[in-house]
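What follows is a set of notes on a single structure, which appears directly below.
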Amino acid sequence: MAHHVFQLPCDGDGACMRCKVTPPTEETLTCSTCATPWHVACLASPPETLASTLQWHCPDCSGDPLPSASVAIDGSSSELFAAIKAIEADESINCSFCMQLPDRPVTTPCGHNFCLKCFQKWIGQGKRTCAKCRSTIPPKMASQPRINSTLVSVIRMAKLSKSNVAAGPLKVYHFIHNQDRPDKAFTTERAQKAGKANAASGKIFVTVPPDHFGPITAENDPARNQGVLVGECWEDRLECRQWGAHLPHVAGIAGQSNYGSQSVALSGGYEDDEDHGEWFLYTGSGGRDLSGNKRTSKEQSFDQKFEKMNEALRGIWSLTNRSHKEKRSSYAPEKGVRYDGVYRIEKCWRKVGMQGFKVCRYLFVRCDNEPAPWTSDEHGDGPRPLPAIPELKKATDVFERKESPSWDFDEEDSRWKWKKPPPPSKKPLKAVSNETNGSIIRSK
């Protein structure tokens, strides 16, 4: 019987996770998208020419299909079962603290893994060495651990493959990196000129109006016919803008004060922000003097109010993007900007911030049908109770949604969907064909 070749990258120590051999450098290929090393001899389809290795994309990033129901499985001796069992039993993968498959894995420079909570507990006890080999944990990592997205993908693939063996067809999740994109930014004459405003005029690939509410689906993605997927990464905010996930190339909030907010970006702009993955506390905009040469100032000089973009955030919900610039969050990507799914705003209020002036605060809770990029779960979010927020005891101007939300969980379908129609667009799409490549350009 034919067997599917289960492909795995090299681990933090440089050993191939499939054959357990540590290959020499000349026998490995590094993905040009995610920078993960792979053992060439263990690839199902290695590059055929030297030129093709220069911009090589690994099976995860290139969208190579995972095992399907048509793949023949020959009992527990199959290669697939062996790979799954290897992942579950490999001590180099297990958490060095609880010895289980790591949940939201953090990998130390010495190559050993922890669950995020186990790592935080270990550091909280004053430990600054690896629990397994006693190598020193760098101070920056101790205070700002980042989740290992490559290991997340490996564990989830194993879980999904195991489910496939037991229950039938396997659903493929694109949760780390997107496929090759049709083009880069700076593709119009104006976009090639100096200045961010000109650069932001680059080609838009999706066909949704600027004030579109909701996920961007396959029907709005003529270039790839797949929509914007949870876990897609971009090099910067300009690329993120090209795919409609967040239009402003600087501002953290996209929206209209009398209409609602379409998206937000977490990029470390305000020190009051708190990121807990499935929920986060977001700080509104304003309160800073950005006149003259102070446009990059992070010093607050007056109170924020619920006006302009802050008022927009009191709308229904937002698509959420995280940037590598958010250094304090364990859930931020290691580089670039990543789309993390749909979040709903449950409450907002004002409080005195860390700099002594009032800031607008928002509680965002994730409500997406796809798993989050930092978890190895096989399913998306379900309804969850709201977290306890201690700062609400001293908050003012508290606003909490009373009516049933438009975007909500349907118990019969077991999925999130529009229970009420989304707000209609006030900025109709004006589609123009680009003479050079026939792509769709969106004009405001």
Can you tell me how much longer the chain between Arg328 and His379 gets when fully stretched, taken as 0.36 nm per residue apart minus their C-alpha distance, in nm with one decimal? 15.7 nm
For a quick protection proxy, order the peptides 359-366, 220-227 by their average other-Cβ count within 10 Å, most packed first. 359-366, 220-227
What is the extension gain from Lys419 to Asp289, computed as 0.36 nm multiplied by their sequence separation minus the C-alpha to C-alpha distance, in nm to one decimal? 42.7 nm
Neighbour-count ranking [beta-carbon atoms within 10 angstrom, fewest first] of Glu271, Glu232, Glu346: Glu271, Glu346, Glu232
Placing +1 on the Cβ of each Lys and Arg and -1 on the Cβ of each Asp and Glu in segment 190-438, which of Thr375, Ala332, Gln226 has its Cα farthest towards the positive end of the resulting dipole? Ala332
I need the calculated FRET efficiency for the pair Glu27 and Glu235, taking r as the beta carbon distance and R₀ as 30 Å, to the nearest 0.05. 0.55
Tally Lys and Arg at +1 and Asp and Glu at -1 over the other residues with C-beta under 10 Å from the C-beta of Ala142: what net charge comes out? +3
Rounded to two decimals, what ratio of Rg to Rh does segment 190-438 give with C-alpha atoms and a Kirkwood Rh? 0.95
Would you grab the residues whose amide H sits under 5 Å from the one on Thr129? Only those 5+ places off in sequence or on another chain, please, with H modelled 1.01 Å from N. Ile137
Cα coordinate range in segment 204-255, projected on the principal axes (Å, largest first): 28, 23, 18
Local electrostatic count at Gln300 - Lys and Arg +1, Asp and Glu -1, tallied over other residues with Cβ under 11 Å: -2
Calculate the spin-label point distance for Phe302 paired with Gln125, positioning each point 7 Å from the Cα along the beta-carbon direction, and give it in nanometres. 5.1 nm
Of the listed peptides 403-410, 327-334, 243-250, what is their order by residue-averaged count of other C-beta atoms within 10 Å, with the highest listed first? 243-250, 327-334, 403-410
Output the pairs from Lys140/Lys325; Lys117/Lys351; Lys140/Lys327; Lys305/Lys420 with a Cα-Cα distance over 18 Å in this structure; if there are none, say none. Lys117/Lys351; Lys305/Lys420
Neighbourhood net charge (10 Å Cβ-Cβ; Lys/Arg +1, Asp/Glu -1) for Thr396: +3
For a protection proxy built on the mean count of beta-carbon atoms within 10 angstrom, sort 15-28, 382-395, 141-154 highest first, please. 141-154, 15-28, 382-395
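Read the figures in this text as sums done on the coordinates, not as results from a lab. None of the values given here were measured: they were computed from a predicted structure. No Cβ is skipped: glycine too gets one built from the backbone with ideal geometry, and neighbour counts run over all protein chains shown.
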